[in-house]
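Inspection log for the structure reproduced underneath, given as structure tokens.
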Ligand code: NAD
């Protein structure tokens, strides 16, 4: 094959003359670069021309998702209850992102979030409901307020953001919710959280059914143990976690962001009502 190529090149050089041959070679090289760039652009920019909201994106998994969606070409509304963090992440992304304060458990703030997105970018294609809280509390000591706060953010917040988003979304839009393996496995100290994420999984399936008529897909990603500011574990506890994970590492926000970006893309058009577990194999044991 190599030999055949050399003979062909020599033949063309003799036929064209040195100068013409150099011109010809340059043109071929430039064409190759352009084809390569187009392939790369096609593979990288799955979300070009899409507008996405990510809640709880001021840090951790949400920040990773916002940055990934932007890297795939989407315009991103970086939203968080912590306005400073939302704005910092938006600034780091650049001109195709804005930071907006929103407490997802508050309906008027959620309505304002959707309004800001459509006013700034003209539409909404992707809603990522990522914001969630997981304050450890022993069941025997849990107060009604402790219980209610977690349901308000994790479960009611998912309902409010999904409902508000789907009022403005067109056919082909995507809802992606960040659930947890706590929806399918028990964790001591997290009865309120496990209940809320179990509720989220049920919500995903029922909402997917109703929204299929509008051709809006609803799916969830269920992370395992992910390194984020919210999960600050002492080293020995971290090692205990890692020992239980088949791939022998904690997950990173990028691991979750990759799965979210896929479910948010047109490539996931035929997937709805599903919970994609991203946990390094923890729950298959
Ligand atoms: P994190 O605590 O690091 O970040 C959460 C972000 O959400 C923060 O920026 C916080 O300000 C924001 N937030 C909190 N309450 C909010 C509210 N009411 N409205 C809007 N924003 C709010 O958390 P994380 O680890 O990145 O987790 C993100 C999501 O992933 C959560 O839904 C969580 O349940 C889920 N999850 C995380 C893990 C993990 O191991 N980190 C595992 C499974 C699921």
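Quick note: the coordinates plus some simple rules give every number you see, no bench work behind them. Because the structure is a prediction, the values reported are computed rather than measured. Reconstructed Cβ throughout: ideal geometry from the backbone, glycine too, with neighbour counts over all protein chains shown.
When residue 109 is tested against (1) closer than 19 Å to residue 152 by Cβ; (2) touching a residue at least 24 places away in the same chain (Cβ under 8 Å); (3) near the ligand (Cβ under 10 Å from one of its atoms), exactly one condition is not met: (2). Go through the stretch 73-97 and give me each residue that's surrounded by fewer than 20 Cβ atoms within 10 Å (Cβ to Cβ) and away from the ligand (no atom under 15 Å from the Cβ). Hits for the stretch 73-97 are 73, 91, 94, 95, 96.
Hey, does the stretch 136-156 have a residue that's touching a strand residue (DSSP E or B) at 6+ places or on another chain (Cβ under 7 Å) and within 13 Å of the ligand (Cβ to nearest atom)?
Initially, the stretch 136-156 is screened for residues touching a strand residue (DSSP E or B) at 6+ places or on another chain (Cβ under 7 Å), giving none.
Within the stretch 136-156, not a single residue is touching a strand residue (DSSP E or B) at 6+ places or on another chain (Cβ under 7 Å) and within 13 Å of the ligand (Cβ to nearest atom).
Of the helices (runs of 4 or more DSSP H) that lie entirely inside the stretch 180-285, those containing 3 or more residues that are crowded, with 21+ Cβ neighbours inside 10 Å and more than 10 Å from the ligand (Cβ to nearest atom) span 191-211, 253-263.
So is residue 163 part of a helix (DSSP H, G or I), farther than 26 Å from residue 217 by Cβ and more than 9 Å from the ligand (Cβ to nearest atom) or not? In short, no.
If you go through the stretch 152-168 and pick out every residue that is free of Cβ contacts under 8 Å to residues at least 12 places away in the same chain and surrounded by 22 or more Cβ atoms within 10 Å (Cβ to Cβ), you end up with 0. If the condition is being loosely packed, with under 15 Cβ neighbours inside 10 Å and within 13 Å of the ligand (Cβ to nearest atom), then the stretch 112-135 contributes only 135.
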